[in-house]
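Q: Just passing along the structure, written as structure tokens.
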Amino acid sequence: MAHPLSVAVVGSGPSGAYCARLLTEDGSLDARVDVYERLPAPYGLVRYGVAPDHQKIKSITASLAEILEHPRVRFVGNVAVGSDVSLDGLRRHYDAVILACGASVGRRLGITGEDLPGVFSATDFVAWYSGHPDAAVDRFSLTAEQAVVIGVGNVALDVARMLVRTADELRRTDVPEHVVEVLAASSIREITIVGRRGPAFAKFTSKELAELGALESADVVVDPADLILDEEQEAALAANPAARRVLAKLRAMADREPRGARRSIRFAFACRPAEFLGTTAVEAVRFQRSLGRSSEPVDVPAQFVLRSIGYRGSRLADMPFDERTGTVPNDVGRVIGPDGPVPGLYAAGWIKRGPTGVIGTNRPDASETVRALVDDMRAAPLKRAAAPGDPVDLLGLGGKAVVDWAGWRAIDRAEREYGERLGRHRVKLHDRTRLLDAASAPAASED
């Protein structure tokens, strides 16, 4: 290569960070990587999607920080690609651009009544309790008594668990104080988690289910009749050890006597959502419950409903996008446009493959994308179109409050200091203005 490889990565979650690490650990590339993040804080869904009470999973931020602190990696925070800078602009000033912007939009069911007040996406609820800057403080009031969570993935269990956590438990996490206050004052007494298919097809893990069952603040109720399997489910179990572990845990829960807790979490399976009922706000969810080859309508009362049926990506300007899958069309990471592969444009993570796998799945995914990028760069001479210079300067971000890594470290300190003042380990700053103020505060000595 005639000059050092210059790469822009859009998104600072695990997939973007892993791409940056792979590019910089190959000394032959002499790569310089700028990681663009639309928020003032890094880490993507690790910070704003992983449940706050899952501190062990969140601890991966330490290894992500090591990547983003690399001398040839630069964090460019509070810069939205598509509005603050264009994707075409990035492509003009970098040899390659990797889209690693994730999938953070909740999918819709497309049924009657879905826009009634009281019906929300679980992704919105997760963003709110995670202190996302885009989530309004007063987004949720939780004055309902009955809630329904539609979906049987790990996120469905996360939101149900958060709805019954006590104030003391919540204050052991980093959730903002306004979230603690709303959840602690919640009127919700009964939560029903509903799956479209039978329990053999549940997507949550046995570990997540065990965590739900260990809650002291709620009884978890499973109807033994829901665990009677048909031939299709028996065949699915035979081929899936993880599903067998989930079913064993559900059966153990079904055998337990309720302890008389103030709140309850119930499971319902083989119920397909058909309609949200209500006039001025949601009052119930109508499901079609499968009974062999037939079905019958079942109405579940609810004044608060969370759809937890998966994530999808969103389109950036100038970016090829498949609306059906919510992903960027690609071939092993090479972005595909109407005329074939788009030169110098790549994708990694959920925007590439959809919202599948765990955090570690992003490692081989990033490796595949970076391998394609490097192969392409080595096969053809680099032809940078723009004038030489610092791409961030050339992109005209002079008037933008760009948060660099030192700015993020200042935010990190401010959150820990804020937590200490409240008698907590750490409390997130949820307001973008406060985040930017913290980022620009005079540097303080590290702990």
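Q: How many of the residues in region 326-348 are crowded, with 24+ Cβ neighbours inside 10 Å, touching a Phe, Trp or Tyr at 6+ places or on another chain (Cβ under 7 Å) and more than 14 Å from residue 315 (Cα to Cα)?
A: The qualifying residues number 1.
Q: Yes or no: region 349-356 includes at least one residue that is surrounded by 14 or more Cβ atoms within 10 Å (Cβ to Cβ), assigned by TED's automatic domain parsing to the domain that holds residue 98, free of Cβ contacts under 8 Å to residues at least 40 places away in the same chain and touching a strand residue (DSSP E or B) at 6+ places or on another chain (Cβ under 8 Å).
A: yes
Q: I would also like to ask the following. Scan region 206-226 and tell me whether some residue there is surrounded by 19 or more Cβ atoms within 10 Å (Cβ to Cβ) and either of a type in the set (Lys, Arg) or not assigned by TED's automatic domain parsing to the domain that holds residue 163 (or both).
A: Checked against the condition, which is being surrounded by 19 or more Cβ atoms within 10 Å (Cβ to Cβ) and either of a type in the set (Lys, Arg) or not assigned by TED's automatic domain parsing to the domain that holds residue 163 (or both), region 206-226 yields no hits at all.
Q: When you go through 269, 304, 287 one by one, which is the residue that is touching a strand residue (DSSP E or B) at 6+ places or on another chain (Cβ under 9 Å), closer than 24 Å to residue 140 by Cα and in contact (Cβ under 8 Å) with a residue 24 or more places away in the chain?
A: It is 304.
Q: Can you say whether residue 235 is assigned to a helix (DSSP H, G or I), hydrophobic (A, V, I, L, M, F, W, C) and either closer than 25 Å to residue 142 by Cα or touching a Ser or Thr at 6+ places or on another chain (Cβ under 8 Å) (or both), as far as the supplied structure shows?
A: No: the conditions fail for residue 235.
Q: Out of 157, 116, I need the residue that is surrounded by fewer than 18 Cβ atoms within 10 Å (Cβ to Cβ) and either β-branched (Val, Ile, Thr) or over 19 Å from residue 391 (Cα atoms) (or both). Which one?
A: 116
Q: May I pose another question? Restricting attention to region 95-122, which residues are at pLDDT 95 or above and of a type in the set (Ser, Thr, Tyr)?
A: Of everything in region 95-122, those that are at pLDDT 95 or above and of a type in the set (Ser, Thr, Tyr) turn out to be 112, 121.
Q: When region 314-330 is examined, which residues are found to be touching a residue at least 12 places away in the same chain (Cβ under 8 Å) and more than 21 Å from residue 80 (Cβ to Cβ)?
A: Answer for region 314-330, where residues must be touching a residue at least 12 places away in the same chain (Cβ under 8 Å) and more than 21 Å from residue 80 (Cβ to Cβ): 325, 330.
Q: Out of everything in region 401-447 that is over 26 Å from the mean Cα position of the chain (by Cα) and polar (S, T, N, Q), what residue ends up being modelled with the highest pLDDT?
A: 440
Q: State which residue is nearest to residue 172 (Cα to Cα) when the search covers only region 119-138 and only residues that are more than 18 Å from the chain's Cα centre (by Cα) and surrounded by fewer than 20 Cβ atoms within 10 Å (Cβ to Cβ).
A: Going through the qualifying residues, I end up with 137.
Q: How many residues are surrounded by 15 or more Cβ atoms within 10 Å (Cβ to Cβ) and either in contact with a Pro (Cβ under 6 Å, 6 or more places away or on another chain) or in a helix (DSSP H, G or I) (or both) if we restrict to region 395-415?
A: Adding up the residues that qualify gives 11.
The values are calculated or read from the model by the stated rules, or taken from the named source; none is laboratory data. Keep in mind that this is a model prediction, so the values were computed, not measured. Glycine also receives a Cβ, built like all others from the backbone with ideal geometry; neighbour counts cover every protein chain displayed.
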